[in-house]
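The values are calculated or read from the model by the stated rules, or taken from the named source; none is laboratory data. Bear in mind the structure is a predicted one, so any value in this text is a computation, not a measurement. Note that we place each Cβ from the backbone using ideal geometry, even for glycine, and neighbour counts take in every protein chain shown.
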């Protein structure tokens with residue numbers, strides 16, 4: 001028995017049974033138009049964050065603040081070797097994190113197809129879809 005029933009998605013068969021849709025035929029044109037009017041487009045809102053804002057986000061948060069304070073304290077007491085090591089590690093961490101996120105976003109954008117197929121009125125029809133990198 002699942003302790004969190006609200007977190008479990010219904011199976012595809014269960015979702016089609018509850019809407020009285022035959023998965024082999026799909027929706028009728030009228031039903032598809034009604035659902036489009038009732039629920040709207042099946043798309044996610046696109047959010048774009050600039051590369052500079054993403055890079056700056058690696059310097060914002062409790063752990064980067066702690067490291068930045070350590071760098072400032074090292075500079076104040078004139079421990080320049082410690083200051084440089086801390087600064088290089090902070091910059092290296094931000095650079096590696098930014099590069100990994102950039103590559104992941106590029107992979108997501110590359111994998112998204114410009115159109116998808118939907119079953120409607122017993123035939124497969126291509127539908128435009130919006131699939132943007134997050």
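For the stretch 50-81, the tally of residues that are free of Cβ contacts under 8 Å to residues at least 12 places away in the same chain and surrounded by 15 or more Cβ atoms within 10 Å (Cβ to Cβ) stands at 2.
Among residues of the stretch 1-46 being modelled with pLDDT of 80 or more and under 23 Å from the mean Cα position of the chain (by Cα), the one that is farthest from residue 102 (Cα to Cα) is 39.
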